[in-house]
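Trainee: Take a look at this one; I'll ask things after.
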Amino acid sequence: PLAVRTSVTSRYETVYRSATAQEEAALDVASAQEADAALHLLQDASLGSLTVYVVPETSSLLPQGISVYVGKHRSALVRAGGGLAALRTHLRQLTQVMSFTASSIAAALSDRMPNGQLGPDARRHLKSSLGYEITFSLLNPDPKSHAVDWDIEDAVNHYVQPVLDKLSLLANFSVDSQILYYAVLGVTPRFDKESSSFLLSAHSLPHVINPVEARLGSSAASLYPVLNFLLYVPERSHSPLYIQDKDGAPVSTNAFHSPRWGGIMIYNVEAPASPQASLPLHVDVDMVRVMEVFLAQLRLLFGLSREELPPEFLLESPGNEGLADWELDRLLWAHTVENIATVSTTLTSLAQLLDKIGNIVIKDDVASEVYRAVAAAQSAVAKLATGHLHSAFQASKEAVTSSERAFFDPSLLHLLYFPDDQKFAIYIPLFLPMAVPILLSLAKIVREARQRKKEPTKMD
């Protein structure tokens, strides 16, 4: 595990300048949202950069009571007022929100740090990977009562694809969907007489996933982590079904998420007005409501949850893109640091394996992968230090790929190499039974040869 004092530190290179005439014109608009869109066209587009514009205290760009506006690209507006001390405080708060900090480093390296040094949410986000597979599943446990129709293809194109296009810098994504019939949650909900509904309590939610996961079948043949988003339409005998939080209050979204796994949303179907209605009932799923929940869960899985901010802060919504440019930068920083740590762990494990087995053979292609991994990791560290985020991330991905190729090379399978004591333990039981009669025969032949020499040669 990582020590309390890690050798990874964050450093900021700050440059002050006056706004250009074009930027002054971009700031001369009616609202902060318009200013953010206009300034985006004038900004340095390099990943990891951040531009802060200090506007006059009397500026009408920021709403009343708002001192800091965080845009959805790589800029922020700060209201001047209170002197340099107040400005310095706001800038420090901005770096905590928009940039990479010590807490971000701790979260990125959470799997290598002792539990006591981390917050409760540090290990909730997905680990860095070269790719992710996203599976949307519709669970219909009662097809005799409900004929459920969801336009998942159109919903993915409109709501999920813009987010994945933005995240394409981070990894490769594949999306698929499925409908599972007669798939139940595996937990019997409790009936509540007061509300005439069925309830799932917070402590029973962990037991919901395992029975469902056995039916999904998506992670068995997957090379990459699988994110599962399940839409569950309760059977008629358990409708309506609601989720309760730890305090017993109903969850507004009627959904919950599981860290590093995915999320489940319960979609209740309104009972028919007349009890004589023909079954199955045709159900058209409101995909807008469903996708709002799934995209929020996707953000949580990638560690993009919004932190508690001071009341004078205003964060712009990222809109259809799902995440702001500066949030993407934070993800790239976190995954780059995590990749470098993964390479270090992999190569250390490989070195320990080589020390343990003295007669192991290192082929030239394995050695070249190790050299390539070390060089790429060193390049990633150097580029991170100089602020070249995109090239640092690419180098870290190359380092991970090369180190894993070397570590998992079939020629380095440790079962192919045995210590000497294990060799004797294996071969003696095999060859000793066969060797005994052979040795006895050889001894007999030697005895007979000696006797012949002792006997005088008969002369005719």
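Trainee: Name the residue from Ala249, Tyr181, Ser196 whose Cα lies farthest towards the positive end of the charge dipole of segment 131-302, charges +1 on Cβ of Lys and Arg and -1 on Cβ of Asp and Glu.
Mentor: Most positive-ward Cα: Ala249.
Trainee: Just the number please: accessible area per residue for segment 131-302, 1.4 Å probe, all protein chains included, in Å².
Mentor: On the way: 8520 Å² over 172 residues.
Counting only protein heavy atoms, the per-residue value for segment 131-302 is 50 Å².
Trainee: How high is the relative contact order of segment 1-103, in percent, with contacts defined as C-alpha pairs under 8 Å that are six or more residues apart?
Mentor: Relative contact order here is 24 percent.
Trainee: Another question, then. Dipole of the chain, Cα-centred, from +1 at each Lys and Arg C-beta and -1 at each Asp and Glu C-beta, to the nearest 20 debye?
Mentor: For this selection, approximately 2780 debye.
Trainee: As I understand it, the dipole of the chain uses +1 on the Cβ of Lys and Arg and -1 on the Cβ of Asp and Glu, about the Cα centre. Which of Leu309, Phe393, His90 lies farthest toward its positive end?
Mentor: Phe393
Trainee: Ignoring ligands, DNA and RNA, how do Lys356, Lys144, Lys397 rank by accessible area with a 1.4 Å probe, largest first?
Mentor: On the way: Lys356 175, Lys144 150, Lys397 45 Å².
Largest to smallest exposure gives the sequence Lys356, Lys144, Lys397.
Trainee: Can you give the local net charge around Leu440? Use residues other than it whose beta-carbon is closer than 13 angstrom to its beta-carbon, Lys and Arg +1, Asp and Glu -1.
Mentor: Summing Lys/Arg as +1 and Asp/Glu as -1 gives +1.
Trainee: Please give the net charge around Val283, taking every other residue with its beta carbon less than 14 angstrom from that of Val283, where Lys and Arg add +1 and Asp and Glu add -1.
Mentor: Residues near Val283 contribute -4 overall.
Trainee: Let me ask something additional. Straight distance only, please: which lysines reach the Cα of Lys444 with their own Cα at less than 24 Å, same-chain residues fewer than 8 apart left out?
Mentor: Lys453, Lys454, Lys458
Trainee: Also, I was wondering about something else. Can you give the net charge of the other residues whose Cβ lies under 14 Å from the Cβ of Asp165, counting K and R as +1 and D and E as -1?
Mentor: In short, -1.
Trainee: Report the charge-dipole magnitude of segment 131-302 in Debye, nearest 20, computed about the Cα centre from +1 at each Lys and Arg Cβ and -1 at each Asp and Glu Cβ. Can you show the working numbers first?
Mentor: Numbers: 10 positive and 18 negative charges, 98 e Å.
With Lys and Arg at +1 and Asp and Glu at -1, about 460 debye.
Trainee: Please list the non-local residues whose amide H lies under 5 Å from the amide H of Val148, H modeled 1.01 Å from N, same-chain partners needing a gap of 5 or more.
Mentor: Val283
Trainee: Something else about it: What's the carbon and sulfur percent of the chain's accessible surface, probe 1.4 angstrom, rounded to a whole number?
Mentor: Using a 1.4 Å probe with all protein chains present, the chain comes out at 56 percent carbon and sulfur.
Trainee: Still on this structure, please answer the following. Could you pull out the trypsin sites (Lys or Arg not before Pro) across segment 151-225 that fall in loop regions by DSSP (anything but H, G, I, E, B) with no more than 11 other Cβ atoms inside 10 Å?
Mentor: Sparse-neighbourhood loop trypsin sites (Lys or Arg not before Pro): Lys193.
Trainee: For a quick check: with amide H placed at 1.01 Å from N, whose amide H comes under 5 Å from Gly303's, ignoring anything fewer than 5 positions away on the same chain?
Mentor: Leu126
Trainee: Which trypsin sites (Lys or Arg not before Pro) in segment 1-110 pass both tests, a DSSP loop state and at most 14 other beta-carbon atoms within 10 Å? Kindly include the intermediate steps, with their values, before the conclusion.
Mentor: Details: sites: Arg5, Arg11, Arg17, Lys72, Arg74, Arg79, Arg88, Arg92; in loops: Arg5, Arg11, Arg17, Lys72, Arg74.
Taking segment 1-110 and a limit of 14 other Cβ atoms within 10 Å, the loop trypsin sites (Lys or Arg not before Pro) found are Arg5, Arg11, Arg17.
Trainee: Of Leu323, Met434, Gln352, which is farthest on the positive side of the dipole of the chain, counting Cα position, with +1 on Lys and Arg Cβ, -1 on Asp and Glu Cβ, and the Cα centre as origin?
Mentor: Met434
Trainee: Which whole-number value in Å² is the accessible area per residue of segment 325-412, probe 1.4 Å?
Mentor: So segment 325-412 comes to 47 Å² accessible per residue, rounded to a whole number.
Trainee: In percent, how large is the relative contact order of the chain, given Cα pairs closer than 8 Å and 6 or more residues apart?
Mentor: 17 percent
Trainee: Send over the Kirkwood Rh of segment 325-412, from the inverse of the averaged 1/r over different Cα pairs, rounded to one decimal Å.
Mentor: Kirkwood hydrodynamic radius for segment 325-412: 13.5 Å.
Trainee: Taking N as the number of residues in the chain, what is its alpha-carbon radius of gyration divided by 2.2 N^0.38 Å?
Mentor: 1.43
Trainee: While we're here: Is there a pair in Lys144/Lys246; Lys363/Lys383; Lys166/Lys383 whose C-alpha atoms are over 28 Å apart, and which pairs would that be?
Mentor: Too far apart for the 28 Å limit: Lys144/Lys246; Lys363/Lys383.
The values are calculated or read from the model by the stated rules, or taken from the named source; none is laboratory data. Just so you know, these numbers come straight off a predicted model, no measurement behind them. Methodologically, a virtual Cβ is constructed for each residue, glycine included, from the backbone with ideal geometry; neighbour enumeration extends over all protein chains shown. With ligands, DNA and RNA removed, areas are computed over all heavy atoms of the protein, side chains included. Shrake-Rupley method; radii C 1.70, N 1.55, O 1.52, S 1.80 Å.
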